[in-house]
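Okay, so here's the structure we're looking at.
The values are calculated or read from the model by the stated rules, or taken from the named source; none is laboratory data. Every value quoted in this text rests on a predicted model; they were computed, and no experiment measured them. Counting neighbours? That spans all protein chains shown, and the Cβs are built from the backbone with ideal geometry, glycine included.
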Amino acid sequence: MSGTKTLTDLGLAARGGAPAGITGLSVDSRAAAPGHLFAALPGVRAHGAGFVPQALERGAVAVLTDAEGAALCGEAVAAAGAALIVSDEPRAALARAAALWSGAQPRVMAAVTGTNGKTSVASFLRQIWIALGHRAVNLGTTGVEGAWETPLRHTTPEPITLHRVLAEAAAAGVTHAAMEASSHGLDQRRLDGVVLTAAGFSSFSQDHLDYHPDLDAYFDAKAGLFARVLGEEGAAVVNLDAERGFDMAAIARARGQRVIGVGRGPEADLRLVAQRCDPQGQELRLSWGGAAYQAKLGLVGDFQAWNAALAAGLAIACGDAPGRVMAALPALETVRGRMQLAAARTNGAGVYVDYAHTPDAVATALRALRPHVMGRLVAVIGAGGDRDAAKRPLMGAAAMAEADHVIVTDDNPRSEDPATIRAEVMEGAPDAEEVGDRAEAILRAVAALGPGDALLIAGKGHETGQEIAGVTYPFDDAEQASLAVAALEGRTA
Ligand SMILES: CC(=O)N[C@H]1[C@@H](OP(=O)(O)OP(=O)(O)OC[C@H]2O[C@@H](n3ccc(=O)[nH]c3=O)[C@H](O)[C@@H]2O)O[C@H](CO)[C@@H](O)[C@@H]1O[C@H](C)C(=O)N[C@@H](C)C(=O)N[C@H](CCC(=O)O)C(=O)O
Ligand SMILES: Nc1ncnc2c1ncn2[C@@H]1O[C@H](COP(=O)(O)OP(=O)(O)OP(=O)(O)O)[C@@H](O)[C@H]1O
Ligand SMILES: N[C@H](CCC[C@H](N)C(=O)O)C(=O)O
Ligand SMILES: [Mg+2]
């Protein structure tokens, strides 16, 4: 992992100039150091080639870029006597170079994509693996969790960080890793250097149309996991009940991959035959290879069973015996902030914290709670700033359609005007109550709960901050829920 490597070691060929040794890789000029290969990548806001002079000044000895970047920085690179590597796919070249640089990853790796459910499936898969005696981690929105832990900034880290973390995990004895493949990560080729045993597809619905030109482009980015990243010898585990699930299975089959369909229909290989709710969770009946399995899940929400089944399919695809995998399901624990029972009023009304931040997730989460609610279902929702604005009224409409009362509040307004975001959400939820301050919104919602009611606080899940105009203020929905109950019932939280 340390020391120096040649460009050839990293799978790269320079147009001119061959530095003696590369001492490290960087993608941001501010992180460049003497002996580095600097990847000058085309970005959303700028072309990294514009930062090549700074990278050279900091000691970079090689620059990897595309043709446009070479035209911008070629002279500066030549003048500094550095090597110039030009690639049609500089992000893919960087991903492979990062893998070669770090040189190790856990032996068994699975990646999961989908609009919703990635973190849940990755966590469930890691939990199954640990129950079966493997040293395992999951990597994604909640950082690296399991046998070895470290925080991450992205759901799918850029390749230099990703491969450093994978190599560190492998050095710590981790043999199994489940990672999330975000659409940004796939589009930017962040995980193209990872060797996968299996890949999973959980769901597809609208999100991130601020980044992808349209829904088809968004789907194509996700399909890259099967069409490009997973090799022909890999196994594709697909939720056939998901929108476009059959399309994804066809893409995998066309690559020659083994396809394991998961779902409720008869065409599924791993079939969820029956699902029955009880107050603590649900009882499942599953079938695989002609055998039937029964499992009691301590997880509330039918979507959690779909995610658990997908995780089970991935564990089987990665080589564990089906009977042992099914036997591990009852021990699955809720992923923090995913349909988490955060507090309860003395009248029995439950307060759930969930990470639903897309229209489909808001509808799915509320529908999932309904069978557990005798009285009214209340929802607190908001939408993030500097993210897909088109989803805001759809999130409002989904909440309005599925809940009995909706409170619209703030969720990471970031650089945008919070009142404008709330107004956009309320276009779809005209009868909703508007309470900008999130703590006050939660307090009001908790106060309104009668016996048999339930509250879903959506959007922030495990997050511990509220990001407003460049400042992140401490904020935790689960903590606020407990505080609200305590304040209303004269207890200490
Ligand atoms: C939209 C997006 O994904 N942007 C990512 C992308 O940035 P970019 O290439 O577009 O950046 P840019 O600002 O145009 O700059 C161009 C290039 O110049 C470089 N630069 C820039 C400034 C400087 O001083 N020196 C320098 O070298 C940058 O490192 C970059 O390579 O590549 C950067 C380096 O890898 C990422 O940090 C950055 O993530 C930004 C911060 C981000 O917020 N991304 C989010 C949206 C994201 O990726 N989210 C997904 C999850 C989404 C989900 O599933 O909900 C994730 O996987 O986390
Ligand atoms: N299979 C599913 N189908 C539809 N909605 C789901 C599914 N799984 C989870 N959800 C909803 O999506 C929310 C987020 O789940 P999770 O964190 O697992 O998704 P993710 O894909 O990792 O999200 P992100 O894009 O933020 O990384 C959950 O809290 C729930 O409301
Ligand atoms: N990974 C998602 C998380 C959204 C969570 C929500 N709290 C928001 O800020 O929009 C994103 O960055 O789009
Ligand atoms: Mg996630």
Inset, instruction - Output the residue which, of all residues in region 326-349 that are within 17 Å of residue 476 (Cα to Cα) and away from ligand 4 (no atom under 16 Å from the Cβ), is farthest from the chain's Cα centre (by Cα). - result: 344
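So, restricting to strands (runs of 3 or more DSSP E) that lie completely within region 166-285, which ones have at least 1 residues that are among the acidic types (Asp, Glu)? Before the answer, list the steps.
Working: elements: 176-180, 198-201, 235-239, 258-263, 270-278.
Here the list reads 176-180, 270-278.
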Inset, instruction - Output the residue which, of all residues in region 452-469 that are more than 16 Å from ligand 2 (Cβ to nearest atom) and at pLDDT 95 or above, is surrounded by the fewest Cβ atoms within 10 Å (Cβ to Cβ). - result: 469
Inset, instruction - Being among the acidic types (Asp, Glu) and under 16 Å from residue 454 (Cβ atoms) is the filter here, so list the residues in region 297-344 that pass it. - result: 302
Inset, instruction - Taking the residues in region 341-395 that are under 22 Å from residue 468 (Cα atoms) and of a type in the set (Val, Ile, Thr) as candidates, determine which candidate is nearest to ligand 1 (Cβ to nearest atom). - result: 358
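Given the criteria at pLDDT below 95 and either assigned by TED's automatic domain parsing to the domain that holds residue 157 or out of contact with any helix residue (DSSP H, G or I) (no Cβ under 7 Å at 6 or more places or on another chain) (or both), does residue 45 qualify? Before the answer, list the steps.
Values: at pLDDT below 95: yes; either assigned by TED's automatic domain parsing to the domain that holds residue 157 or out of contact with any helix residue (DSSP H, G or I) (no Cβ under 7 Å at 6 or more places or on another chain) (or both): yes.
Spelling it out, residue 45 is indeed at pLDDT below 95 and either assigned by TED's automatic domain parsing to the domain that holds residue 157 or out of contact with any helix residue (DSSP H, G or I) (no Cβ under 7 Å at 6 or more places or on another chain) (or both).
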Legend entry - Test result for residue 323, assigned by TED's automatic domain parsing to the domain that holds residue 141, surrounded by fewer than 21 Cβ atoms within 10 Å (Cβ to Cβ), more than 23 Å from the chain's Cα centre (by Cα) and at positive phi: no
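So that you can scan it fast, the table gives a plain yes or no per residue for (1) more than 22 Å from residue 340 (Cα to Cα); (2) within 15 Å of ligand 3 (Cβ to nearest atom); (3) of a type outside the set (Val, Ile, Thr); (4) surrounded by fewer than 19 Cβ atoms within 10 Å (Cβ to Cβ):
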position: 374; (1), (2), (3), (4): no, no, yes, yes
position: 378; (1), (2), (3), (4): no, no, no, no
position: 383; (1), (2), (3), (4): no, yes, yes, no
position: 387; (1), (2), (3), (4): yes, yes, yes, no
position: 390; (1), (2), (3), (4): yes, yes, yes, yes
position: 402; (1), (2), (3), (4): no, no, yes, no
position: 407; (1), (2), (3), (4): no, no, no, no
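Of the residues 431, 354, which is outside the structural domain of residue 215 (by TED's automatic domain parsing), within 20 Å of the chain's Cα centre (by Cα) and at pLDDT 95 or above? Break it down into steps so the answer makes sense when it comes.
Details: 431 fails: within 20 Å of the chain's Cα centre (by Cα).
The unique qualifying residue is 354.
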Legend entry - Index of the failed condition, residue 157 passing every other in (1) more than 21 Å from residue 311 (Cβ to Cβ); (2) away from ligand 3 (no atom under 16 Å from the Cβ): (2)
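Are there any helices (runs of 4 or more DSSP H) wholly within region 327-434 with 3 or more residues that are over 17 Å from residue 205 (Cβ atoms) and not aliphatic (A, V, I, L, M), and if so which? If you could, list the steps in order and put the result at the bottom.
Details: elements: 359-369, 391-402, 418-427.
Of the helices (runs of 4 or more DSSP H) lying wholly inside region 327-434, those with at least 3 residues that are over 17 Å from residue 205 (Cβ atoms) and not aliphatic (A, V, I, L, M) span 418-427.
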Inset, instruction - Give me the pairs, please: first residue somewhere in region 410-423 and closer than 12 Å to residue 386 by Cα and in the same structural domain as residue 393 (by TED's automatic domain parsing), second residue anywhere and within 16 Å of ligand 4 (Cβ to nearest atom) and of a type in the set (D, E, K, R), beta-carbon distance under 9 Å, and either six or more positions apart or on two chains. - result: 411/460; 411/463; 412/387; 412/460; 412/463; 414/387; 421/411
Legend entry - Single unsatisfied condition, residue 130 versus (1) buried (at least 23 other Cβ atoms within 10 Å of the Cβ); (2) farther than 29 Å from residue 52 by Cα; (3) β-branched (Val, Ile, Thr): (1)
